[in-house]
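As structure tokens, the structure follows; a few thoughts come after it.
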Amino acid sequence: MGSDERQASDARLALDFPGAAGAAARAYARQAANEYFDLLAEKWLAGNAKAFDPRAIAHYRASFTDPLRIHASCEDYRAGQSTDVTFDQADRGAGRKITVPMLALWGANGLPRDLDPLAVWRQWATDVRGTAIDCGHFLCEEAPAATTRALIEFFTA
């Protein structure tokens, strides 16, 4: 994180936690983020620890505990429930669709196991291909060979 980004992060935290110094607020937020990540990682690794290289977990931790990335993730979820809906409605109303070939891959044992992802994406795109991979949410970690095979087949078709 650069100096300007750190200052912006400090300012945001100081504003959100009146009376607390920016460094103290940042330390509290980092501790909370690490505790949250520990809960997530425990669920990810349950019965599946061999699928995750420790370097991958370290990379995920760095991303999940970075204040700017946390903020960006929250903004993405917020937009998905607000402004994105407006844009989606306008695109559907105008008949706009994604026209490049699209590949959808998902874990057969993860989300969206109760949905039909291809049917969902076909509402948005004209050329949708894809399949479930025999794994959970983390395709690359849990089923690297099957994921690689699906990507190669798509990009060489």
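Only one of the numbered conditions (1) loosely packed, with under 11 Cβ neighbours inside 10 Å; (2) β-branched (Val, Ile, Thr); (3) within 18 Å of the chain's Cα centre (by Cα) is violated by Val100, and that is (3). Taking helices (runs of 4 or more DSSP H) as the structural unit, those lying wholly within segment 11-91 and holding at least 2 residues that are surrounded by 15 or more Cβ atoms within 10 Å (Cβ to Cβ), within 21 Å of the chain's Cα centre (by Cα) and modelled with pLDDT under 90 correspond to 22-45, 67-80. Scanning segment 139-150 for residues that are surrounded by fewer than 19 Cβ atoms within 10 Å (Cβ to Cβ) and not small (Gly, Ala, Ser) yields Cys140, Pro144, Thr147, Thr148, Arg149.
Any residue in segment 58-80 that is of a type in the set (Gly, Ala, Ser) and touching a strand residue (DSSP E or B) at 6+ places or on another chain (Cβ under 6 Å)?
Pass one, segment 58-80, residues of a type in the set (Gly, Ala, Ser): 58, 62-63, 72-73, 79-80.
In the following step, the residues that additionally are touching a strand residue (DSSP E or B) at 6+ places or on another chain (Cβ under 6 Å) were identified as none.
Within segment 58-80, not a single residue is of a type in the set (Gly, Ala, Ser) and touching a strand residue (DSSP E or B) at 6+ places or on another chain (Cβ under 6 Å).
Scanning segment 93-128 for residues that are farther than 30 Å from Ala49 by Cα and either in contact with a Pro (Cβ under 7 Å, 6 or more places away or on another chain) or assigned to a loop (DSSP other than H, G, I, E, B) (or both) gives Ala94, Gly95, Arg96, Lys97, Thr99, Val100, Pro101, Gln123, Trp124, Thr126, Asp127.
The values are calculated or read from the model by the stated rules, or taken from the named source; none is laboratory data. Note that the coordinates shown come from a computational prediction; the quantities given were computed from them, not determined experimentally. For neighbour counting, all protein chains shown are included, and Cβ atoms are generated from backbone atoms with ideal geometry for every residue, glycine included.
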